[in-house]
Number of protein chains: 2
Amino acid sequence: MDLFVSKYFNKIDKKGRVSLPSSFRNVLPKASRNEIILYKSIKSPSIEGCGVGRLKEIAKRINYLDFFSEDYDDFSTSIFSEIVTTNVDKEGRFLIPEELKLYAGIKTEAAFFGQGYFFQIWEPNQGLKNTEVSRKRLLEEKKSLRTILTQQQ
Amino acid sequence: MDLFVSKYFNKIDKKGRVSLPSSFRNVLPKASRNEIILYKSIKSPSIEGCGVGRLKEIAKRINYLDFFSEDYDDFSTSIFSEIVTTNVDKEGRFLIPEELKLYAGIKTEAAFFGQGYFFQIWEPNQGLKNTEVSRKRLLEEKKSLRTILTQQQ
DNA sequence: TGGGAATATATGGGCGTCAATGGGTATATG
DNA sequence: CATATACCCATTGACGCCCATATATTCCCA
């Protein structure tokens, strides 16, 4: 499986370390399995994360913008300066920077939610609540749901 | 990671030295890890910096502009003639030239903002303010943001 | 197929190394 | 000679690496 799926609830220890779920680690390319990137979600009080490969893609895309334009600066500031890279130790643990923990309200436990090409880290209760809300919203729009789910690959 | 990412706030000591963040140092090619270039940002009261290798890329960008336009002259003058090279000492510190510090309003602390292929140095408060403004401007143009951020790797 | 062994995962803690910072002294440069 | 800058050494706190354990999972063989 090369996608981030399922959800996990892991503890944060005294040193601030938390295990990246094993199945998530396996999604990362072997070459850079000891490094992930984290950033504040734009749409919710949660942290989003993924492998470094995705970041390089984004960098390339931004690079195509007009170097002297305002857009260029906005993108590169909002994205690159907000992104943090974190090392995953041999046991599969990493540190969530204080600022990101604050943003997501995370204290002693972190909830990991697979999102396909990336994952989200939530304060457990808020994360669960969010799943519920999302699901409800989705079911209320059965039409579009059907469209998405029944398309052939 | 071979990109300048994240942000760091480092102190300037009595001698005017400031640490280049460790992760930034690692982005520089090993061959010239003791040398960086600095110049005034064209668009903001901040200092931009990068490894010497990036010079060629800047030259290329300027070269794409119409040779006979005013822009060409303006850019090439205001960038190239303003570039200074600075040595990074064994502890990873360097000196910010007085003129550049004045330009950015930097006194006792410098804020380093990763920008992918280069980085910016700001007076901490101004830098934070700028991040906010950039982010807001970006969120108002969700369309282009989506294009850049959500494509799959 | 059931049960026990081997392995993997999540978690805890000790300790050495590195990064950021401060300061003394040598050296260079005008 | 005077000032600026590079090199050396020291300190502190954070982080990475190693080792350990308990639980969960997988594997294998009888």
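The values are calculated or read from the model by the stated rules, or taken from the named source; none is laboratory data. Here the structure is a predicted model, which is why all the values come from computation and not from measurement. Virtual Cβ from ideal backbone geometry, glycine too; neighbours counted across all protein chains shown. The protein model used for the area step is the full one, side chains on, heavy atoms only, and it has no ligands, DNA or RNA in it. Shrake-Rupley method; radii C 1.70, N 1.55, O 1.52, S 1.80 Å.
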(message) Let me check something: with ligands and nucleic acids excluded, how do A:ASP73, B:ASP73, B:ASP13 order by accessible area (1.4 Å probe), largest to smallest?
(response) B:ASP73, B:ASP13, A:ASP73
(message) Please compute the modelled spin-label separation between B:ALA31 and A:LYS14, points set 7 Å along Cα→Cβ, answer in nm with one decimal.
(response) 4.8 nm
(request) Please state, as a whole number in µm²/s, the translational diffusion coefficient that the Stokes-Einstein equation yields for region B:7-123 at 4 °C and 1.567 mPa s, with Rh defined as the Kirkwood radius across alpha carbon pairs. (result) 88 µm²/s
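Counting other Cβ atoms within 10 Å of each Cβ, which trypsin sites (Lys or Arg not before Pro) in region B:71-114 have at most 15 and sit in a DSSP loop?
In loop regions of region B:71-114 (DSSP not H, G, I, E or B), the sparsely surrounded trypsin sites (Lys or Arg not before Pro) are B:LYS90, B:LYS107.
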(message) With a 10 Å cut-off between alpha carbons and a GNM built on chain A, which of A:ASN125, A:ASN34, A:ASN63 moves the most?
(response) A:ASN63
(message) Buried accessible area between A and B (1.4 Å probe, both chains summed, ligands and nucleic acids excluded), in Å² to the nearest 100?
(response) 3600 Å²
(request) Using label points projected 7 Å from each Cα along Cα→Cβ, tell me how many nm separate A:ASN87 and A:SER22, to one decimal. (result) 2.4 nm
(message) Just to be sure I understand the curve: with the Debye formula and one point per C-alpha of the protein assembly as shown, what is log10 I(q)/I(0) at q = 0.07, 0.16 Å⁻¹?
(response) -0.32, -1.39
(request) Place the label 7 angstrom along Cα→C-beta at B:ARG17 and in each other copy, then list the distances from the first to the rest in nm, shortest first. (result) 3.2
(message) Let me confirm the definition first: pairs of Lys residues in region B:7-123, 8 or more apart or on different chains, C-alpha distance under 21 Å. How many are there?
(response) 24
(request) Calculate, for region B:7-123, the solvent-accessible area per residue in square angstrom, rolling a 1.4 angstrom probe over the heavy atoms of the protein chains. (result) 53 Å²
(message) Could you sort the peptides B:15-21, B:81-87, B:1-7 by per-residue average Cβ neighbour count (10 Å cutoff), highest mean leading?
(response) B:1-7, B:15-21, B:81-87
(request) Pop the C-beta distance of A:TYR117 and B:ARG61 into the FRET formula with R0 = 30 Å and round what comes out to the nearest 0.05. (result) 0.45
(request) Compute the label-point distances linking A:ALA31 to its equivalents in the other copies; points lie 7 Å from Cα along Cα→Cβ; give nm, one decimal, shortest first. (result) 2.1
(request) Keeping all protein chains in position, work out how much accessible area B:TYR117 exposes to a 1.4 Å probe, and write it in Å² to the nearest 10. (result) 70 Å²
(message) As a test question: what accessible area, to the nearest 10 Å², does A:ARG33 have when a 1.4 Å probe is rolled over all protein chains in place?
(response) 80 Å²
(request) For B:GLU99, place a label point 7 Å out from Cα along the Cα→Cβ vector, do the same in each other copy, and report the separations in nm, one decimal, smallest first. (result) 3.1
(request) For peptide A:79-91, compute the average count of partner chain beta-carbon atoms within 10 Å of each residue's beta-carbon. (result) 5
